[in-house]
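Written out below as structure tokens is the structure these notes cover.
Taken together, the values in this text are just the output of simple stated rules run on the coordinates, not laboratory data. A quick note: this is a predicted structure, and the numbers were derived from the prediction, not measured. Cβ sites come from the backbone with ideal geometry, for glycine too, and all protein chains shown count toward neighbours.
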Amino acid sequence: MEFLSSLHPVSVHFPIALITVYTLGEIFAIVKNEQTYYSFTLILLLSGMIGAVMSVLTGNQAMHFLLENANNVSTELEGLVESHESYANYFLWFYLFFTVLRVYLQISKKIFFKIRYILMILLIFGAFLTYETGRLGGLLVHKFGAGTELILGN
């Protein structure tokens, strides 16, 4: 399982980038109300979700590996790991729900005026989840050395 945990730092950046670009593209599509943009952004969303599932799975392995093998795990580190895990799960469940909704709206062609602005509000919330998950992950790496040899004492 150490191999899967080592994939987390590699697998996490693509979904963050894809979901962020998706969010900006979707807001642009909503403002422009251009059907072509909706199709393109949907591809970004689906690609980002595939990566997000992989990131959460590898992140769970990384968390277990870290907590089992790190020297002197402080309560601050443990709390930060739990917060990062919680936000990653909120992120994943939110975007899974949002992806199903978005695919349904695309297939049924029901993206009309009011729905577009509800989507935009949801996307702003999703952007917060993306930011907070990444911020906490960054703290784990830069403050505690998570995912590096520094925390393992090697």
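How much net charge surrounds L139 when only other residues with a Cβ under 12 Å from its Cβ are counted (Lys, Arg +1; Asp, Glu -1)? Write out the running numbers ahead of the final one.
Values: positive: R135, K143; negative: E76, E132.
Its environment carries a net charge of 0.
For the stretch 25-114, trypsin sites (Lys or Arg not before Pro) meeting the loop criterion (DSSP other than H, G, I, E, B) and having at most 10 other Cβ atoms within 10 Å: K109, K110.
Packing here is the average count of other Cβ atoms within 10 Å per residue, and on that basis the peptides 130-137, 75-82, 89-96, highest first, run 130-137, 89-96, 75-82.
Across the stretch 2-152, the mean sequence separation of Cα contacts (distance under 8 Å, 6 or more residues apart), normalised by length, yields a relative contact order of 32 percent. Can you tell me which lysines have their Cα less than 28 Å from the Cα of K32? Leave out same-chain residues fewer than eight positions away. Within reach: K109, K110, K114.
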